[in-house]
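Input: a single structure, listed below in structure tokens.
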Amino acid sequence: MKKRVTIGSTCIGIAMFFLLWQLAAMLLARPILPSPLVVVPLFCQSFFGELGLHFLASTGRVMAAILIATMLAAPVGLALGQMPRLDRVVGPLIAIVYPIPKIIFLPVIYVLMGITDLSKITLIAIIIFFQILVVVRDEAAGLKKELILSVRSLGAGRRALFRYVYLPATLPAVLTALRVSVGTAIAVLFIAEQSLTQYGLGYYIVVETYQVLMYPEMYTGIMGMGLLGVSLYFLIYSIELRVNRHLYVG
Amino acid sequence: MAMIEIDRLVFKYGDGSSLFNDFSLLIGKGEAWTIIGPSGCGKTTLLSLVAGMLRPERGTIRIGGEVITRARPRTGLVLQDHGLLPWATVRQNAELGLTIRKYYGPDGVHSPQDMEADPDRLNERVEYWLDWLGIGDLQDKFPAELSRGQRQRAAIARTLVLDPDLLLMDEPFSALDAPIREELQKVMNTFHAESGLTSITVTHDIEEAVVLGEKILVLGNGVNSLPVVIDNHLRGAIEKRNDPEFLLRCSELKMTIAAHTVALPPESN
């Protein structure tokens, strides 16, 4: 059984967050930490202007990366999970590459792919790719032989097995991997957006506001990035709840 | 009329040791068979061969006159592990075979060419078997919420919903507690009496072999060539399981099995 997050507990969390922020701002009393009473109205105002465009640019990059990574990693993971012999060959390589922080390839990707959006998306996609690859492979490999056999005995061939067993069996793990890696993805996005672009929250926070000491505006960017992370997290979480109904029974 | 004709079957394990050599057997339509023998005798292998999940090295297996080269849509298989999808409800699990048939359409390979396609009648069929097996009220539950016996009932429902003409069961009740096992043995006996379906049940339990099989095939753990078949009119006599006749049949069967069991050399390590 997993613990569910309720709307009530989320509201309490948000209230506590802003309360602590306000307290810290009052105690510190320096321009680098403006009060949420200043930042939140400013955020609401600029979100439908300039800030909104930066927010959209960042969201688009993360979503594209998630989509590309999932579409590539899920089939490869399934294949590896179903073919232990192939997995034995490439498994050691994956084990080595998996823990390497992919952000270090940032300059390489910039040089190879140019300063387009594609290079930023690729970098994030690579991070998510390995997360999903590993969980899908492990889930597919962990399916009991009896389960496969009994579904085959109902007439299922490869296609039906994929549709009715492998897909639903790995989907929860894919979602969990996405939910967990979305934080890392946004962190990397923050760094990748600091240069070679005109739009994106990373650019907005570091270049447009921080470097010119516009602290309240900088905080609206920070809030935007926080909001992006939180919304993606809960979006995936809500899909998980729907898909994983069987894990919450009893 | 023979439902299953096994003709000069040859099958070896992966390590080259022979399980079946020139093994021939006829199973009549509507007969309830059990297969028993020591572990390693090839009971499950024989069942998998009949199910078309394994291919014989030589010889043929015919079902209803047709040579089996792959899993056959009208053969129903129930395994020891219920094999229910954990993320699907009882209802969805019971419908899984129908869903798969619908997915492929009547191609004669994954589903029979003359398969029922009317959704209302299929729905009725699902309801019927769930109710018949006493799990009609549990349709919206997930397998994790059921007892072991209920899960196995759901697995049986899933198979019967497909309207099989041959039912194969591999130790279907051996993971269950004794009272539940007996209950399900009764259920299957009633089912056989009502439906007259040809069935083969693999078991390692002597009593179960006597309770479920009108014919009992005894396999040995050496090479099986000539089938050893016991005619058993005590099938279904669950309430008589303490009668002298029943106990005598069990001990006879025990001796027959012992006679076909080769003592394995002690493991050397």
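The values are calculated or read from the model by the stated rules, or taken from the named source; none is laboratory data. Being a predicted model, the structure only gives us computed values, none of them experimental. Every residue, glycine among them, receives a Cβ derived from its backbone with ideal geometry; neighbour counts consider all protein chains shown.
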- Task: Restrict the check to the stretch A:94-114 and report whether at least one residue is within 14 Å of chain B (Cβ to nearest Cβ) and of a type outside the set (S, T, N, Q).
- Result: no
- Message: Exactly one condition in (1) within 21 Å of residue A:175 (Cβ to Cβ); (2) under 18 Å from the mean Cα position of the chain (by Cα); (3) surrounded by fewer than 17 Cβ atoms within 10 Å (Cβ to Cβ) is false for residue A:75; which is it?
- Response: (2)
- Candidate set: the stretch A:162-181, residues that are facing another protein chain (nearest Cβ under 9 Å) and surrounded by fewer than 20 Cβ atoms within 10 Å (Cβ to Cβ); chosen: the one nearest to residue A:247 (Cα to Cα): A:172
- Could you please let me know if residue B:267 is acidic (Asp, Glu) and at pLDDT 90 or above? no
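Residue-by-condition table, conditions (1) touching a residue at least 60 places away in the same chain (Cβ under 8 Å); (2) within 30 Å of residue B:81 (Cα to Cα); (3) of a type in the set (D, E, K, R):
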position: A:155; (1), (2), (3): no, yes, no
position: A:160; (1), (2), (3): no, yes, no
position: A:191; (1), (2), (3): yes, no, no
position: A:205; (1), (2), (3): no, no, no
position: A:214; (1), (2), (3): no, no, no
position: A:217; (1), (2), (3): yes, no, yes
- Failed condition for residue B:118, given (1) surrounded by fewer than 18 Cβ atoms within 10 Å (Cβ to Cβ); (2) touching a helix residue (DSSP H, G or I) at 6+ places or on another chain (Cβ under 6 Å): (2)
- Can you spot a residue in the stretch A:104-112 that is part of a helix (DSSP H, G or I), over 21 Å from the mean Cα position of the chain (by Cα) and surrounded by 20 or more Cβ atoms within 10 Å (Cβ to Cβ)? no
- Message: Suppose we keep only residues that are of a type in the set (A, V, I, L, M, F, W, C) and more than 7 Å from chain A (Cβ to nearest Cβ) within the stretch B:86-113. Which one would you say is farthest from residue B:129 (Cα to Cα)?
- Response: B:109
